[in-house]
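Input: a single structure, listed below in structure tokens.
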Amino acid sequence: MKKAVIILLVSFICLQANAQVQRPEIDVQSFAEEIFEFQDEDINYEDLYESLLLLYTNPINLNSATRDDLISLYALEPIQIENFFDYKESNGPLLSIYELQAVPGFDVTTIQKILPFVSLEERPSDTRSLWQRIKEEENNYLLYRMERTLEKQKGYSEPELNSSGEPETRYNGGRNKHYLRYRVSRSKDFSFGFTMEKDAGEQFQFDKSSNTYGVDFLSFHAMLENKGRLKSIVIGDYQLQFGQGLLLGAGFNPGKGSETITTIRRSSTGVRAYSSVLETGFYRGIAATYNLNSIDITGFYSNHLQDANIRNDSTFTEFDEFVSSIQGSGFHRTDSEIRNKDQVREQAVGVNVTYRSPNRQFQSGITFMNTAYDVALFKTPNTYNQFEFQGRSNYNVGLFGNYVWQNLNFFGETAISKSGGIGSVGGVVASLSSQLSMSVVLRNYQKDFHSFYGNAFGEGSRNINERGIYWGLKFAPIRRIIVTAYYDYFRFPWLRFGVEGPSEGNEYLIRATYKPTRKLVLYGQLRKETKERNLLSEGNLQLLAEGVKYNYLLNLDYDATKVFSMKSRLQWSSFEFDSELTRGFAIIQDFNFDFGKIRLSTRFALFDTDDFDNRQFAYEKDVLYAFSIPAYNGVGIRNYFLIQYKPTRKITVWARLARSVRNDVDTFGSGLNEINADHRTDLKLQVRFMF
């Protein structure tokens, strides 16, 4: 009786407040942009979109959800998660989605964020065969994309003779980029798919000697989940995520940004099928997880060819033949790039054992893995890289743990590599009140710690040669205002590329968001980064000096009607180094129209930057599963037009035209991508068929 009264009261309040808490139809790409402020060109957002799309088509059942399920949404703070479970313990399973508003800390904004990815529908036991489930699955599609730069670039012109009388390097293939992807997947059941890609400049060819069969890159996976005690098994390409990602860090890991609390902690998602077109950072082979009550045992094996530059020189190493660098670009357009393709075989084998307490509040695990190469890795000796990995094999052993106590979430991971180097990361996420949350992360990655597939929290792109402490805050003084901030201090005990000495730095960000209505959002942001770099040499002594960069941002989002919305943005920066001050800015105006079957997005931007240090990064809308975060550099304008047309329920078509014009140069781009004009125009065409 008490439960029914609560539901009736909450439903009445929702209706009176006109709070539309029905599971909506969404544009997953726009939703992801709303949650995360895309400013980092190095993050693979395809993992985020794929995860959100799977959640949308197979939403989490709130009445059977675990803490890890709710953490994976990146939208709920510890106090909200604990309040949710406390509410269920006191009142029993939720009977209506409206009941979420009775959970302390769940306001309408929070509910709207998670609503597309949650439900109360209990999935009945599916007695259909695997073939029938695949055949009738909603998330079953084939996607094709073509891209082309309309202006002719130098790499596609007739080669000229160099000073030695030999023809200059040119691209061997055509100007079009092709991408084909098929995937059918059902969350916590199965996933099958393949991805094919040919980059611009690469050839269509069948060449067994270079491992090329038509397209340059081909990826495949077949994955089953929750088959009795067999929690998951995948054959083909996959990624692994355990602990804080210190040894195995796959998927979407946002790191530092305007969301200062929920994104700094990693979740152990285990085995993940890989379907992206990044040609590095994944395993190729087999992996499986077997469940023994509270213990999950995951074993994996990978046998994968990697692009590498092989040298034959025994003057400074014991190896007659060695790999000086692993190539991660995935490009095979010129003769030299083709020679580097699949030159070293990487084999990896490992096991992870994870324990979860019955109430899921405590989790711990151990990981052991070994990586071996058939050709030794040895970087050309230099002062900054003398502690880098050398040899044919490396092993790692790591321990991790998470513990939830009331409104505190503790987490950490420590690992050691074959060299004896140790890496450690740990912290806490705390909800101090319904208005205030805090996060703290400490890390210490020694200069000889080697982890080839790690992606833990840090300032550098790799977890090596770094110490630091991060402190984040989120404060909501009143209902319509949210203030987020972080401060991060980092130190590099050993030299780095371009920094000939131990160095240090710090970074802080402050953002204030004001949302007077559901249709209007205004925020301002300040970000300052201080980092040392080389100044000048005095004999054998290299002096360092601080480079100080300020980034400022003002943004207005306005959803005027269901048909029309707009975004206005002003961002500018300054950079000071060696008493020299430079500046840059960008003015950006977006207009978006939604006519149901047709959606149109446009941008008009002006930019003016003094140098490369002041380039302005700005996320742009793109076709589904494509990402555009260009650097606005120099003086010029940037426009794009994106149209999405859905003639039927099963067919969606995209077309995107983007153009940059620079007023300060006569040629656009550099090297083989140089255009003999002051502009560049890019075209993308894409079609998706749903089965």
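So here's what we get for this one:
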read-out	value
Percent RCO, i.e. relative contact order, over the chain, from Cα pairs under 8 Å lying at least 6 residues apart	10 percent
Accessible area (Å², per residue) of the chain, counting only protein heavy atoms and a probe of 1.4 Å	47 Å²
Under 5 Å, built H, 5+ apart or other chain: amide partners of A376	V323
Cα shape, the stretch 200-311, gyration tensor, a/c 1.5 rule	oblate
By accessible area with a 1.4 Å probe, ligands and nucleic acids excluded, highest first: order of M369, M438	M438, M369
Phi to ³J(HN,Hα) by Karplus 6.51 cos²θ - 1.76 cosθ + 1.60 over the stretch 279-290, Hz, x for Gly, Pro	8, 9, x, 9, 9, 10, x, 9, 8, 8, 10, 10
Residue-by-residue Karplus 3J(HN,Hα) for the stretch 570-580, coefficients 6.51, -1.76, 1.60, Hz, glycine and proline x	10, 9, 8, 8, 9, 9, 10, 8, 6, 6, 10
Alpha-carbon Debye profile of the stretch 402-480, log10 I(q)/I(0) at 0.18, 0.20, 0.21, 0.26 Å⁻¹	-0.76, -0.86, -0.90, -1.15
Residues with amide H under 5 Å from that of V344, placed H, sequence gap 5 or more	Q306, A308
Ranked order, R467, R443 - accessible area, probe 1.4 Å, largest first	R467, R443
With all protein chains modelled, accessible area of E532 [1.4 Å, Å²]	40 Å²
For V351, solvent-accessible area (1.4 Å; no DNA, RNA or ligand), Å²	60 Å²
Calculated volume of the Cα convex hull per residue in Å³ (choose from (1) 194; (2) 175; (3) 235), label	(2)
Dipole moment magnitude, nearest 20 debye, the chain about Cα centre, only Lys, Arg, Asp, Glu C-beta charged	2620 debye
Entries in K341/K379; K152/K198; K188/K597; K531/K567; K188/K684; K528/K562 that, when Cα-Cα distance is taken, lie over 29 Å	K188/K597; K531/K567; K188/K684; K528/K562
Residue (of N465, L100, T149) at the positive-pole extreme of the chain, dipole from beta-carbon charges	L100
In sequence order, calculated HN-Hα J values of the stretch 656-663 (Karplus, 6.51, -1.76, 1.60; Hz; x Gly/Pro)	9, 10, 10, 9, 10, 10, 10, 8
Rounded percent of accessible protein surface that carbon and sulfur make up, the chain, 1.4 Å probe	55 percent
Interchain or long-range residues, amide H under 5 Å from N176's placed H	G201
Most positive-pole-ward Cα, T169, V323, L554, against dipole of the chain from beta carbon charges	L554
Simple Cβ-charge dipole of the stretch 176-279, Lys/Arg +1 and Asp/Glu -1, about Cα centre, in debye nearest 20	600 debye
Dipole axis of the chain (+1 Lys, Arg; -1 Asp, Glu on Cβ), positive-most option in F575, G350, F206	G350
Relative contact order [Cα under 8 Å, 6+ residues apart], the stretch 108-238, whole percent	18 percent
Euclidean distance between Cα centres, the stretch 493-555 to the stretch 128-172, Å	36 Å
Two-decimal Rg/Rh across the stretch 490-537, once Rg and the Kirkwood Rh are taken from alpha-carbon atoms	1.33
Order of exposure, largest accessible area first, which applies to W572, W131 with probe 1.4 Å	W131, W572
Within the stretch 274-395: Cβ-based charge dipole about Cα centre, in debye rounded to nearest 20 (Lys, Arg +1; Asp, Glu -1)	500 debye
Accessible area (Å², 1.4 Å probe, nearest 10) - K341	20 Å²
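The values are calculated or read from the model by the stated rules, or taken from the named source; none is laboratory data. Only a predicted model underlies this, so the values are computations on that prediction, with no experimental measurement involved. Virtual Cβ from ideal backbone geometry, glycine too; neighbours counted across all protein chains shown. Keep in mind that these areas ignore ligands, DNA and RNA; they rest on the heavy atoms of the full protein, side chains included. Shrake-Rupley method; radii C 1.70, N 1.55, O 1.52, S 1.80 Å.
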